[in-house]
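The values are calculated or read from the model by the stated rules, or taken from the named source; none is laboratory data. Please read these numbers as outputs of a predicted model, since none were measured by experiment. We place every Cβ from the backbone using ideal geometry, glycine too, and count neighbours over all the protein chains shown. Ligands, DNA and RNA are excluded from the accessible area calculation, which covers all protein heavy atoms including side chains. Shrake-Rupley method; radii C 1.70, N 1.55, O 1.52, S 1.80 Å.
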Amino acid sequence: MKRLTQEVNDFINRSVDSHVRIAVTGLSRAGKTAFISSLVNQLLHTSTHDNLPLLSAARDKRVIGAKREPQTNMMVPRFSYDEAMEHVHSEPPKWPEPTRDVSEIRLALKYKPKKKTKKLLNSTATLHIDIIDYPGEWLLDLPLLDMDFYQWSQSQFTALKGLRKELAQPWLDQLAALDLDAELNEKDLLAISDSYTEYLHTCKDSGLHWVQPGRFVLPGELEGAPVLQFFPCQFDENAKARKGSNLEMLKARYHEYQQKVVKAFYKHHFSTFDRQIVLVDCLQPLNAGYESFHDMRDALEQIMHSFKYGRSNILKRLFSPRIDKVLFAATKADHVTPEQHPNMVSLLQQMVHPAWQNASYENIEMSCLTMASIQATQTGFIGQGDQAIPALQGVTMDEQPMTVFPGDVPKKLPNQAYWQQQGFEFTAFRPQASSQDDPLPHIRLDKALEYLIGDKLK
Ligand SMILES: Nc1nc2c(ncn2[C@@H]2O[C@H](COP(=O)(O)OP(=O)(O)OP(=O)(O)O)[C@@H](O)[C@H]2O)c(=O)[nH]1
Ligand SMILES: [Mg+2]
């Protein structure tokens with residue numbers, strides 16, 4: 001009953017524009033945890049600091065303050081804000097721990113509305129903000145809903161080229177020894193699916209991002225469950241799987257994965273989001289090389305399909321999608337000197353725009369920007385002869401102060417020659433030391449906020 005009352009309240013709040021669910025995603029290590037931690041930290045400090053000048057309500061002094069609220073969705077783990085802050089404020093400062101699952105945090109933001117309709121009700125209004133963190137890898141699974149086990153297997157074998165083929169060899173060797181028609185042998189299936197999962201992990205470790213099924217690398221609560229124990233294989237499409245055979249079990253598990261894992265995520269999570277920010281670390285593939293870059297673009301394109309899918313065919317019957325704004329943000333902008341920021345946006349746009357335009361997303365707004373959730377460096381200049389070149393100063397992970405010019409960010413998707421000629425020198429820095437009484441330093445996080453909630457604070 002209590003839960004129902006809460007749901008009704010949520011519904012009313014949402015219809016008078018006082019509740020928004022913001023989903024934060026991105027491939028692993030993109031910067032989701034840092035972004036959410038900083039976003040919460042900025043909003044909690046905004047009553048006492050001018051830390052969000054690009055959020056128009058804050059600039060107009062209409063934001064009164066924010067506080068944390070207990071989340072209403074009891075089935076989702078809490079986002080570990082306090083733990084993240086402990087890390088950032090420790091001596092020496094550390095980055096928050098990697099996360100592996102979906103989590104959620106809720107804030108109430110009190111503000112003075114400008115709109116007459118809201119003013120009539122009260123002189124102040126409250127916007128309840130749910131922020132949800134989930135792995136972008138989970139969105140890579142959407143195409144599975146359109147493919148049966150045979151088609152999916154085929155698509156995986158077609159993708160086995162170049163580096164992927166090399167990395168897949170140990171798994172392929174094990175697979176070759178399996179008799180698909182033989183009587184089910186759970187142990188064999190487990191060993192081969194472990195080997196397939198290992199292959200997906202090595203893809204990620206080598207800088208490749210498109211991995212399917214996404215849950216195999218980020219299982220969350222499903223770790224060790226048989227529904228994650230299958231793998232693509234080659235068989236005759238028209239022959240029926242023998243009863244009780246290995247193949248029959250693989251098909252059954254794939255089907256279960258489609259229904260209970262992929263569909264369930266869209267139904268219980270994705271369909272409840274109002275706004276989505278997709279974080280992209282463009283600098284990592286710049287470091288890693290050509291194949292990694294193109295792979296990331298493919299992965300982003302897959303992720304994008306999710307925003308459209310809900311509006312058409314199969315998933316339409318499952319839920320009515322709500323996302324009306326998507327923001328792509330290139331993170332970690334503090335890793336490059338400020339004059340490179342326009343190039344970073346342009347590079348991100350190059351990765352995102354063509355796919356977005358081809359797909360014609362009705363009624364969804366999209367934008368790109370670059371930001372740093374937690375600014376780890378300071379900018380300055382170093383002298384070279386009589387020239388001053390821009391540089392970054394920070395403290396490396398092994399606590400060495402360092403001044404560097406990391407390199408130029410290409411404006412467009414680079415070709416192979418880029419990595420042969422210059423490449424990009426990426427140094428990981430610790431967060432800057434900061435006091436708990438002050439907001440964390442950031443770059444343009446307020447611009448992201450303006451895009452995500454600015455209209456809700458009018
Ligand atoms: N310099 C800098 N580094 C950042 C920033 N945000 C994230 N990072 C770096 O990127 C790493 C990953 O950030 P997270 O926020 O943990 O990324 P995530 O997407 O939550 O990663 P998973 O939980 O593993 O999926 C951090 O440990 C930092 O090294 C930023 O704003 N500036
Ligand atoms: Mg995380």
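Residues that are within 11 Å of ligand 1 (Cβ to nearest atom) number at least 1 in the following helices (runs of 4 or more DSSP H) confined to segment 20-122: 32-45, 81-88. Checking each residue in segment 411-456 for being among the aliphatic types (A, V, I, L, M), assigned by TED's automatic domain parsing to the domain that holds residue 340 and assigned to a helix (DSSP H, G or I) picks out 445, 448, 449, 452, 453. Residue count for segment 381-400 satisfying the condition of being more than 25 Å from residue 293 (Cβ to Cβ), part of a strand (DSSP E or B) and away from ligand 1 (no atom under 16 Å from the Cβ): 7. Based on this model, can you work out whether residue 104 counts as assigned by TED's automatic domain parsing to the domain that holds residue 29 and farther than 20 Å from residue 453 by Cα? It is false that residue 104 is assigned by TED's automatic domain parsing to the domain that holds residue 29 and farther than 20 Å from residue 453 by Cα. Considering the conditions (1) in the same structural domain as residue 292 (by TED's automatic domain parsing); (2) touching a residue at least 12 places away in the same chain (Cβ under 8 Å); (3) out of contact with any helix residue (DSSP H, G or I) (no Cβ under 8 Å at 6 or more places or on another chain), residue 402 is excluded by exactly one of them, (1). Residue 9 meets each of the listed conditions (1) modelled with pLDDT of 95 or more; (2) in a helix (DSSP H, G or I) apart from (1).
Out of (1) outside the structural domain of residue 285 (by TED's automatic domain parsing); (2) under 30 Å from residue 43 (Cα atoms), the odd one out for residue 383 is which? Single failed check for residue 383: (2). Residues of segment 173-215 that are among the aromatic types (Phe, Trp, Tyr) and either open to solvent by 70 Å² or more (accessible area, probe 1.4 Å) or at pLDDT 95 or above (or both): 196, 199.
The set of residues in segment 228-259 being among the hydrophobic types (A, V, I, L, M, F, W, C) and in a loop (DSSP other than H, G, I, E, B) consists of 230, 231, 233, 235, 239, 241.
Does residue 170 count as in contact with a helix residue (DSSP H, G or I) (Cβ under 7 Å, 6 or more places away or on another chain) and either open to solvent by 10 Å² or more (accessible area, probe 1.4 Å) or aromatic (Phe, Trp, Tyr) (or both)? Taking the combined requirement at face value, the residue satisfies it. Remark: pairs (first residue in segment 144-160, part of a helix (DSSP H, G or I) and surrounded by 14 or more Cβ atoms within 10 Å (Cβ to Cβ); second residue at pLDDT 95 or above and charged (D, E, K, R); Cβ separation under 7 Å; 6+ apart in sequence or on different chains) = 149/251. Among all residues of segment 87-105, there is none that is open to solvent by 20 Å² or more (accessible area, probe 1.4 Å), farther than 23 Å from residue 372 by Cα and more than 15 Å from ligand 2 (Cβ to nearest atom).
Residues that are modelled with pLDDT under 95 and under 24 Å from the mean Cα position of the chain (by Cα) were ranked within segment 156-171; the one that is farthest from residue 263 (Cα to Cα) is 164. Would you check if there is a residue in segment 230-244 being open to solvent by 60 Å² or more (accessible area, probe 1.4 Å) and in contact with a Leu (Cβ under 8 Å, 6 or more places away or on another chain)? Taking every residue of segment 230-244 in turn, none turns out to be open to solvent by 60 Å² or more (accessible area, probe 1.4 Å) and in contact with a Leu (Cβ under 8 Å, 6 or more places away or on another chain). Of everything in segment 415-432, what is charged (D, E, K, R) and open to solvent by 100 Å² or more (accessible area, probe 1.4 Å)? Give them in sequence order. Of everything in segment 415-432, just one residue is charged (D, E, K, R) and open to solvent by 100 Å² or more (accessible area, probe 1.4 Å), namely 425. Among the residues of segment 177-185, is any out of contact with any helix residue (DSSP H, G or I) (no Cβ under 9 Å at 6 or more places or on another chain) and over 26 Å from residue 296 (Cβ atoms)? Checking segment 177-185: not a single residue is out of contact with any helix residue (DSSP H, G or I) (no Cβ under 9 Å at 6 or more places or on another chain) and over 26 Å from residue 296 (Cβ atoms).
Contact map, segment 264-276: residues that are at pLDDT 90 or above and crowded, with 16+ Cβ neighbours inside 10 Å paired with residues that are β-branched (Val, Ile, Thr) and in a helix (DSSP H, G or I), Cβ distance under 9 Å, separation 6+ or inter-chain. Pairs shown: 275/453. Of all residues in segment 320-374, those that are crowded, with 22+ Cβ neighbours inside 10 Å, aromatic (Phe, Trp, Tyr) and part of a helix (DSSP H, G or I) total 0.
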